[in-house]
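Peer 1: A single structure is presented below for examination.
Where a number appears in this text, it was derived from the coordinates with a stated rule and is not lab data. Just so it is clear, the structure is predicted and the values come from calculations on it, not from any experiment. Neighbour counts are summed over all protein chains in view; Cβ atoms, including those assigned to glycine, are modelled from backbone coordinates with ideal geometry.
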Amino acid sequence: MKKFSTIAVTSIVALTAGVSAAQADKLTLYCSAQEDWCQLMARSFEDATGIDVNMTRKSSGETFAQIKAESANPKGDVWWGGTGDPHLQAAEENLTMAYVSPMRDQLHDWAISQATSAGDKTIGIYSGALGYGYNTDLLAANNLPEPSCWKDLLKPEYKGHVQMANPNSSGTAYTTLASMVQLFGEDEGFEFMKGLHANINQYTKSGSAPIKAAGRGENTIGIVFMHDAVKQAVSGFPVKVVAPCEGTGYEIGSMSIIEGARNEDEAKKFYDWALSTDAQNLALEVNAFQVPSNTGAQTSPSAPDMSTITLIDYDFKTYGSSAERKRLLQKWDEDVSTLPQ
Amino acid sequence: MIFWIVAGWVGFCILPWYGVEDGFFAFEWLIDGYPFDEDYAPAAFLIGQGEKLWLAPLIIPLITSLFALRRKKSDPLYAKILIASGAIGFGWLIAQGFGIGIRGFNFEWLMALFGDLGDRQFGMGYGALLLASAYLFLFTQGIAARGAINGDVFVVSAIGGVIVIVTVFVFLPIAKMLLAAFITEEGGYSASVFASKFFDDRLWGLGCMSGARCGAAWNSLFLAITVGILTTVLGLVFALVVTRSGFRYKRALRALTVLPIITPPFVIGLALILLFGLSGTVTQFFADLFGVQPTRWLYGMPGVLIAQTLAFTPIAFLVLIGVVEGVSPSMEEAAQTLRANRWQTFRTVSLPLMRPGLANAFLLGFIESMADFGNPLVLGGNFDVLSTEIFFAIVGAQYDQGRAAVLAMVLLFFTLSAFYAQRMWLGKKSYTTVSGKGDAGVHPLMPNGLAVPVFIAAGVWGLFTVVVYGMILYGSVVELWGVNNTLTFKHYVTAFSVRFEETGIRWTGAAWDSFWTTIYIAAAAAPLTAAVGLITAYLLTRQSFTGKNAFEFGTMLSFAIPGTVIGVSYILAFNVPPIEITGTGIILIVSFIFRNMPVGVRAGIASMSQLDKSLDESSLTLGANSWQTFRRVILPLLKPAILAALVYSFVRAMTAISAVIFLVSAEYDMATSYIIGRVENNDYGLAIAYSTTLIFVMLAAVGLLQVLVGRTKIGRRTQFGAKEQT
């Protein structure tokens, strides 16, 4: 009995313990951008302010799920990076708090309109346009013409060569769907999706997977955010980036302060700092090719030149709302995904 | 008993009641305001200062338990006092823990009854923990004193302990999560929500009969059955080669079969893509040879099937090797003496005796395939399975936790059906072969008709594994896998560089932080997993008590559910008091213990059902109690099972992904989540270099464990190629 007791105690002791309450001068950052960018942001903020940063990197969907699960007792303070939709969703569910930063007058209009559409609960920190990229080797090997417009992708010779993510699982693909609806109108937009469906070889789960597959030579054309495609090209894969001629939609990478943050003051300091020119210029040091939201910040020379891209007037308020999203996704499920390929 | 009463008093009066913020193993509280500071005070001091008065009733059962001290065990009052004290104390502890939360009362009716509390609780700490265990074990001792399980204190306490921890760490979080299936968008509960999500065409559609796509549920089921059968057959093949043939390089074969479980899952997927993908080496070779267009045949069912079979065969092998070795040669010799030829012996004696192993191996393969997430993600193509659907229902563009819960229920239903089918098949037959009686002899060789296909299968599969791992190793030393094949060591340097300075070694590599955390967590989780698993297996095979089936079912639950669901459910359940462990290393350890425990249980059950009960009985007759019997008789005979449980839990703790994604924090980042981050960022070289390093580390660890645990000699057998065996 005695020996068992000791085993029982040690095992149970190792099973439970608690952590609670807060301490001054530290910040828990949930980061949804790429790993090295997140690291750089966290370390630079520490250097700039002396506040200790605990950074955890997860994809935006994962972070959203975590913040929602933790909402009774929030553990995070600031959520930086990641596509805007989950940030808007968090705002809609009151998981994030409203804050008007004094830095606002330095920002592009699109960053502020992101904030106003969410009752100031989130703000734009970078943007990236939707487009596609193709593997130049594979295109040549299959004697395919170079595509340059959205409608080019409907041509029958591309059958089995196009990949995009499943809008049910990926924010990127949902942005594609919503962009097509806004670009061509709802009826024609869905006709486009149906035509595209015939050429699609796979709907991937993750948003950037199509272009990664293209980089590795597993797929010819991938519909993704252009900065993801640029990253493939810069990494050394034979990928060419295309800004579709009809114009295109875009995402706004966002930042929010979590409702009930334990270190609210530090969170606001980070928020203001992250909107500054210095902080946004850090993107140049890592392979991040998005357009920063501060008007004074620089954009990487490899990034797609936004002046040559026709951007649609993307309505984030409407298409970011959960009702509209549910409706479009259901329509896509019923009208498009069930068609034979 | 005295031990637990003292422990209870210590927990109440000396140790800090609430969790210490700096972490479980930080002892700063000793010098920082203890025992009067509210954050560190023991319950007795809190009450003395007029704080947290709801803790006060906890002292009553502690006092009443003292009355049992002078009484004899046979005194009916002794049992009654212990049961009452334990039950009331434990009950109140739980009730106050769940009733009063972070914002005062947790339930509206409590609020209505007592008004606003105006106070809050934190997560429970050492004191609460110790007091809870004290009450629990006082209670079980009372039950034992009343004569339950022949008054066996060890067995009753073990059952009580396992039930409590399984309830807390398995039932509670999963129930919380699954409840989401019935929640409407407005936050109410409704069965129709469940129905509409359950009867979704994406789940049950049968379109694949007519060229379109099938629902995820059918896909998963079909895949899991196929994988279960394939891995069991291959596992048996390897086990036979190792135990029943004159094959020379058994060690190499063993190492080879262990390789896939020590591999971070998506690495196999990547290697398969580079071999068989559209631009894969093998695909291109055959395309050129036959002049056909390369296709994307790998993406979908074939790819997932290959990857999962590769990944899960070792688990079947680990379960089967113990069982195949355990079949007593004397039985086989008896058959041969009765003029059965080798084939007849194998078919009518050896094979039927391996049934528990076969059934358990199939069950594990089936469940693993159901819950596997990494391979379908990388290779699935348009072949949707439940586990990935669940993941993207939670983190995808839909944000539909209800759908995730419904899918998880479907998955759970399949798993449980498999579990019951396995039990039906095994039936109530006896598979005991290791008895206390003389057990000399030699395993017969396989019959020729069997040996040839077995060797071919083992050879082909072994070669395939070698090629896949060759690719992985190669991938870690080239500049950019598949594009720029210049040899380089830079990925290893980036990840694992060290600098020697005057102050000592500085770990400058990018991967060290997550590497050490992973090792530490895995090393902490492995022995605990094996212990909990084997004790459970012992209870299940050797003791009979009411509710045994439900108990067994409960221990399998956490294994059968995909990691993602576990991850989210752990956050939901353990982010608020009374158990507040999110963001700590402990939540990782706990999740590993309860996710991997079932393998220990399965391996233990398979081995223990071969050990004759007369061994226990003779030990008990000779005056040993059940703990001594377990310790001195059963445990030594279980060494293969212990090894399997240890190895498996250590390795899984290092390679698991899906649950971990939600549980890692800045301080406790795991290797796999770091690797996934690198893959997302196109750093394939670094990711693969890191994975390769992990593979070697785990190989070393497995070898070390093998030496530490030692091999067991069942009976006085001489093996073929005895030198390699021992």
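Peer 1: Tell me, in nm to one decimal, what length is gained between B:K613 and B:K73 on full extension, where the rule is 0.36 nm per residue of separation less the Cα-Cα distance?
Peer 2: That pair, B:K613 and B:K73, stretches by 191.6 nm at full extension.
Peer 1: Additional query: Long-range amide H contacts for B:G583: which residues qualify at under 5 Å (H placed 1.01 Å from N, peptide plane, sequence gap of 5 or more or a different chain)?
Peer 2: none
Peer 1: In whole Hz, what ³J(HN,Hα) sequence does region A:64-81 give by Karplus (6.51, -1.76, 1.60; θ = phi - 60°), x for Gly and Pro?
Peer 2: 4, 4, 5, 4, 5, 5, 8, 4, 5, 8, x, 10, x, 10, 10, 10, 10, x
Peer 1: Plugging the Kirkwood radius over Cα pairs into Stokes-Einstein for region A:169-328, at a temperature of 4 °C and a viscosity of 1.567 mPa s, what D comes out in µm²/s?
Peer 2: Rounded to a whole number, D works out at 73 µm²/s.
Peer 1: Output the antiparallel fraction of DSSP beta bridges having both residues in the protein assembly as shown, as a percent to the nearest 5.
Peer 2: Approximately 65 percent, going by the DSSP bridge assignments.
Peer 1: Going out from 0 in 10 Å bins, what whole percent of all Cα-Cα distances in region B:500-603 drops into each bin?
Peer 2: 13, 33, 31, 14, 7, 2, 0
Peer 1: Percent of Cα-Cα pairs per 20 Å bin, from 0 to the last occupied bin, for the protein assembly as shown, please list those.
Peer 2: Whole-percent P(r) values from 0 Å outward: 12, 41, 35, 11, 1.
Peer 1: Expressed as a rounded percentage, what relative contact order does chain B have, with Cα pairs under 8 Å and six or more residues apart?
Peer 2: 16
Peer 1: Applying 1/(1 + (r/R0)^6) with R0 = 51 Å to the Cβ-Cβ distance of B:I60 and B:T486, what FRET efficiency is obtained, to the nearest 0.05?
Peer 2: 0.10
Peer 1: Across region A:153-160, in residue order, what do the Karplus-derived ³J(HN,Hα) couplings come to in whole Hz, using 6.51 cos²θ - 1.76 cosθ + 1.60 with θ = phi - 60° and x for Gly and Pro?
Peer 2: 5, 7, 4, x, 5, 8, 4, x
Peer 1: Given the rule -39500 (n - 2.57) for each run of at least 4 DSSP H residues, summed and divided by the residues of chain B, what is its mean residue ellipticity at 222 nm, to the nearest 500 deg cm²/dmol?
Peer 2: -20000 deg cm²/dmol
Peer 1: Modelling each spin label as a point 7 Å along the Cα-to-Cβ direction, I'd like the B:R506/B:K80 distance in nm, to one decimal.
Peer 2: For B:R506 paired with B:K80, the spin-label model returns 7.2 nm.
Peer 1: Continuing with the same structure: Find me the longest stretch of chain B that has none of the exposed GluC sites (Glu not before Pro), where exposed means in a DSSP loop (not H, G, I, E or B) with at most 15 other Cβ atoms within 10 Å.
Peer 2: The segment B:187-501 is the longest one with no such site.
Peer 1: Now, a different point. Once you place label points 7 Å from the Cα toward the Cβ at B:A624 and A:V100, how far apart are they in nm?
Peer 2: 7.8
Peer 1: Assuming R0 = 25 Å, what is the FRET efficiency of B:R631 and B:W516, from their Cβ-Cβ distance, to the nearest 0.05?
Peer 2: FRET efficiency, B:R631 to B:W516: 0.15.
Peer 1: Moving to a separate point now. In percent, how large is the relative contact order of chain A, given Cα pairs closer than 8 Å and 6 or more residues apart?
Peer 2: 24
Peer 1: Under 20 °C and 1.002 mPa s, how fast does region A:59-197 diffuse according to Stokes-Einstein, given a Kirkwood radius computed over C-alpha pairs? Answer in µm²/s, whole number.
Peer 2: In µm²/s, the coefficient rounds to 121.
Peer 1: Please give the length that would be gained between B:I14 and B:R146 if that part of the chain were fully extended, namely 0.36 nm times their separation in residues minus their C-alpha to C-alpha distance (nm, one decimal).
Peer 2: Between B:I14 and B:R146, full extension yields an extra 44.3 nm.
Peer 1: Suppose R0 equals 22 Å; then what is the FRET efficiency for B:T295 and A:T136 from their Cβ-Cβ distance, rounded to the nearest 0.05?
Peer 2: That pair, B:T295 with A:T136, gives E of 0.60.
Peer 1: Here's a follow-up. Against the longest alpha carbon principal axis of chain B, how many degrees, from 0 to 90 and to the nearest 10, is the axis of helix B:301-326 turned?
Peer 2: Taking Cα atoms only, the helix is inclined about 70 degrees.
Peer 1: Return the calculated 222 nm mean residue ellipticity for chain A, to the nearest 500 deg cm²/dmol, obtained by summing -39500 (n - 2.57) across DSSP H runs with n ≥ 4 and dividing by the residue count.
Peer 2: -11500 deg cm²/dmol
Peer 1: To the nearest whole number, what is the average tally of beta carbon atoms from other chains within 10 Å of the beta carbons of peptide A:131-138?
Peer 2: Mean partner shielding for this stretch: 1.
Peer 1: On to the next question. Using Cα atoms only, what is the angle between the long axis of helix A:171-184 and the major principal axis of chain A, expressed in degrees (0 to 90) to the nearest 10?
Peer 2: 40
Peer 1: Starting at the first residue of region A:244-251, write each ³J(HN,Hα) from the Karplus equation 6.51 cos²θ - 1.76 cosθ + 1.60 with θ = phi - 60°, in whole Hz, x for Gly and Pro.
Peer 2: x, 5, 6, x, 7, x, 8, 10
Peer 1: While we're on this one: Roughly how many nanometres apart are two label points built 7 Å out from the Cα toward the Cβ at A:V234 and B:L699?
Peer 2: Label at A:V234, label at B:L699, 3.7 nm between them.
Peer 1: Nothing charged except the Cβ atoms of Lys and Arg (+1) and of Asp and Glu (-1): what's the magnitude of the dipole of chain B about its Cα centre? Round to the nearest 20 debye.
Peer 2: 3380
Peer 1: Nearest 10 degrees is fine. How inclined is helix A:186-199 to the longest principal axis of chain A, computing both from alpha carbons?
Peer 2: It is inclined by approximately 80 degrees.
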